[in-house]
């Protein structure tokens, strides 16, 4: 997601890879290496206790304060900030790339969802059909030779050595050996193209949101001439080289909602920058462009937000129906009918329990449909997986109804 990002490695080089004292490399007992920063101005050896005591004694009395317990505990979890030559990164900026194919390539490589290219399925079909016809012609020619040898010299069909020896005597003739070699070469070529075409067909089609994003960028920046735009206009032939995430369509809606909400906050509070940009965009993503119409979001951070939303939805779909059915089964019409002081008739008690049961079943049906819809919209569950998950969810609610409804419950 960070595009063409290069991490600079400008740390000081050690004189020997095995000399841990000079290179600042600490070896643990299990053999793993921990690379530490080597400070040229400090000594490689640790200061002794005596020298540390003399330094503390030389400090003024008002500065000799013992750290608090909380500071002692948190001190071990704190780490020193990394030097700039380790944290700095180089990011290819769209505006600093020459307009044309270079800038279009920089844009499409800046985000995996924008890596859209033609699959040329029509040309693959033409090539496959041509190879198929050539192999079919060779197959007929091989059948004719086999039948001729079956009538004239059947030994050539029963022994490969006899056929090879007879073919050597036929200088320049188009015999079975020549045809088989041509068939082998054509089959290898045909199989390669066929497998490649099958692989291309397995690529995912871009979503309408990603396709329109690329078209809008090309429309705004015009990196190519109009005659060079035929490839991107072939929408049915466009594929994405990115393997889709589990809920890619839902990701796009969340990103759009974040952008709309971010612009609203910026306008209401009159801020210079959108307040949510730092939360969902890494520094490398923000450095890719200065165009306000282009927004790059970190997929990992969006996934974390979606995981929180999915967890909240699951919690709602599990808790609300249970609480609702509990209130239905514990309604006054049911509890009063089962109270000994009221002396209810058998028919009144049965009617109250029946009404409560049917109300609970209605709640079960509604929330089972909501659960199935959430599964189909938020995940890529197969049909059998969707059926199994819905059946398990429905079974949980049925068990609740069976335990809290009915006479005597």
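The values are calculated or read from the model by the stated rules, or taken from the named source; none is laboratory data. On a predicted model such as this, the values are computed, not experimentally measured, just so you know. Positions of Cβ are backbone-derived with ideal geometry, glycine not excepted, and every protein chain shown enters the neighbour counts.
The table below lists the values:
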{"quantity": "Selection count, the stretch 259-303, where residues are farther than 25 Å from residue 221 by Cα and not in a loop (DSSP other than H, G, I, E, B)", "calculated": "15"}
{"quantity": "Residue within the stretch 90-99 that is touching a strand residue (DSSP E or B) at 6+ places or on another chain (Cβ under 6 Å) and more than 22 Å from residue 211 (Cα to Cα) present", "calculated": "yes"}
{"quantity": "Counted residues, the stretch 63-83 - those being loosely packed, with under 10 Cβ neighbours inside 10 Å and either touching a strand residue (DSSP E or B) at 6+ places or on another chain (Cβ under 6 Å) or at pLDDT 80 or above (or both)", "calculated": "0"}
{"quantity": "Lone unmet requirement of (1) surrounded by 16 or more Cβ atoms within 10 Å (Cβ to Cβ); (2) part of a helix (DSSP H, G or I); (3) more than 24 Å from the chain's Cα centre (by Cα) for residue 180", "calculated": "(1)"}
{"quantity": "Any hit, the stretch 146-158, residues being modelled with pLDDT under 95 and not in a helix (DSSP H, G or I)", "calculated": "yes"}
{"quantity": "Failed criterion for residue 378 (all others in (1) modelled with pLDDT of 85 or more; (2) under 27 Å from the mean Cα position of the chain (by Cα); (3) surrounded by 12 or more Cβ atoms within 10 Å (Cβ to Cβ) hold)", "calculated": "(1)"}
